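Everything below concerns the one structure shown next.
The values are calculated or read from the model by the stated rules, or taken from the named source; none is laboratory data. Here the structure is a predicted model, which is why all the values come from computation and not from measurement. Cβ: placed from backbone, ideal geometry, glycine included. Neighbour counts: every protein chain shown. Remember, those area values only see protein heavy atoms, side chains included, never the ligands or the DNA or RNA. Shrake-Rupley method; radii C 1.70, N 1.55, O 1.52, S 1.80 Å.
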Amino acid sequence: MKKTLAIGSVNMILWAANTKGLDTSNILKSLRISPQSLQNPDERIEIAKVQTIWKAIVEKLGDRSLPLQMGEIISPISVGILAYVMMHAPNLGKSIEKLCQYQDIVCNAVETTFIQKEKLSVIDLRVNAEDMIYPEFALESEMSVYASAFRALTLSEFKLSEVHFEHSPTSDLAIYQRIFQCPVFFESGKNWMVFESSQLEKPILNANASLFPVFEQHAQDLLAPLQPKVLFSDVVKTEIVKCLVGQEPSLNHIAMTLGVGIRNIQKKLKEEGKSFQQLLDEARKELAIKHLKQPYSSTTDIAYLLGYSEPSVFYRSFKKWTGQTPSAFRA
């Protein structure tokens, strides 16, 4: 599944560029992004195109600090349904928890994790899109918006202790200091926003407890299509791997483990173009290759571990899968 950015966030980037006096129409035209698509709240744009938009904007402006300034330029409420969920959470801790839970609604190319400890808590951002070749644009803009949002939600009482970036500085250090108001570290191998955990109990200004579940349900509905579909065959295969410990799991055993009837399993697998025997062979092959790459177990041990009654049966199966005997593969 390709990683994308919600059209609302794309419009925020374009609007920020416009406030700096830049006409972005030619940039959009070159990427074949129509004005109509920018008006569709359900539209999403591939991260590769968003990266091109960012690069073109900062080059035309001659200002690499625009991503950093996003938190100053835009209103936190502009983030859409995610902002409304955060605004009606009971406290800052719950608001940050929901940010991480539903962040994919805005951008699913950056994984955001909340690490809560007794004294210090961390918001950890990790890029998970291969086509994000300029991660600094996304990371700096997201952290800037988050810092601004947390201050707005707590009437400017929120304070960061440290900010870390994997990349080197892209702008004057004074701008980083102005935005984050704390020590900022670069090339630190992580993208972190660090703050005192005591701030998590700060109440959210004007939060409405009755509106919170309404907006959260909407967020769940928007998030569902963005999450990868879990195939039933993958569920069965995972269960086979769990049971492949010195014996061959039967279809009946897997059916009992999953609480699904045998015929129902066969029907669902057939719909996905799979069979139980095919999944068993795939699981055995993958585990065999994994074990053979380690020097600790003999091929005989691996054969019995994978549920084969005789090593010779394992040898024949492995050669059928790979064209090599287990010994030759290991060598």
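For this structure, a couple of remarks:
- Relative packing of peptides 184-196, 144-156 - highest average C-beta neighbours within 10 Å first: 144-156, 184-196
- Relative frequency of Cα-Cα separations exceeding 14 Å in segment 261-331, percent: 61
- Segment 195-265, dipole about Cα centre (Lys/Arg Cβ +1, Asp/Glu Cβ -1), debye to the nearest 20: 260
- Percent carbon-and-sulfur accessible area, segment 188-331, ignoring ligands, DNA and RNA, probe 1.4 Å: 54
- Per-selection Kirkwood Rh - segment 64-198 (Cα, Å, 1 d.p.): 14.9
- Comparing Met86, Ser25, Leu14 along the charge dipole axis of segment 13-115, the residue lying farthest to the positive side is Ser25, per the Cβ-charge model.
- Reported value for segment 134-260: 221 Å³ per residue, from the convex hull of its C-alpha atoms.
- The convex hull drawn around the Cα atoms of segment 191-311, when projected onto a plane and averaged over every direction, covers 14.1 nm².
- Distance histogram in 10 Å bins (all Cα pairs of segment 37-101, percent per bin): 17, 33, 37, 13, 0
- Placing a pseudo-label 7 Å from each Cα along the Cα-to-Cβ vector at Glu162 and Leu31 gives an inter-label distance of 3.5 nm.
- Dipole in debye (nearest 20) - the chain, about Cα centre, beta carbon charges: Lys, Arg +1; Asp, Glu -1: 1040
- Hits among lysines - C-alpha to C-alpha of Lys29 under 23 Å, sequence gap 8 or more where chains match: Lys2, Lys3, Lys20, Lys49, Lys55, Lys60
- Normalising the Debye intensity of the chain to I(0), with uniform scatterers on Cα atoms only, and taking log10 at q = 0.08, 0.09 Å⁻¹ returns -0.56, -0.67.
- Over 21 Å [Cα-Cα, segment 1-115], rounded percent: 41
- Accessible area of Cys107 in the full protein assembly, 1.4 Å probe (Å², nearest 10): 10
- Lys/Arg +1, Asp/Glu -1 at C-beta; segment 250-316 dipole; positive extreme among Asn264, Leu292, Leu279: Asn264
- Less than 5 angstrom separates the built amide H of Thr4 from those of Ile47, Asn108, Ala109, all sequence-distant by 5 or more or on a different chain.
- Placing R0 at 30 angstrom, the Cβ-Cβ distance between Thr113 and Asn208 gives a FRET efficiency of 0.65 after rounding to 0.05.
- Under 5 Å between amide hydrogens, built in the peptide plane, is the criterion, and for Asn91 it picks out Ile204 among residues at least 5 positions away or on other chains.
- For segment 179-193, putting each phi into the Karplus relation 6.51 cos²θ - 1.76 cosθ + 1.60 with θ = phi - 60° gives couplings of 6, 9, 6, 6, x, 10, 10, 10, 6, 9, x, 7, 10, 10, 10 Hz, in residue order, rounded to whole numbers and with x for Gly and Pro.
- 1.4 Å probe accessible area per residue over segment 60-107, in Å²: 33
- Phi-based couplings in Hz for segment 205-214 (Karplus 6.51, -1.76, 1.60; Gly and Pro marked x): 4, 6, 5, 10, 4, 6, 7, 4, x, 5
- Electrostatic dipole magnitude of segment 142-219 [Cβ: Lys, Arg +1; Asp, Glu -1; Cα centre; debye, to 20]: 180
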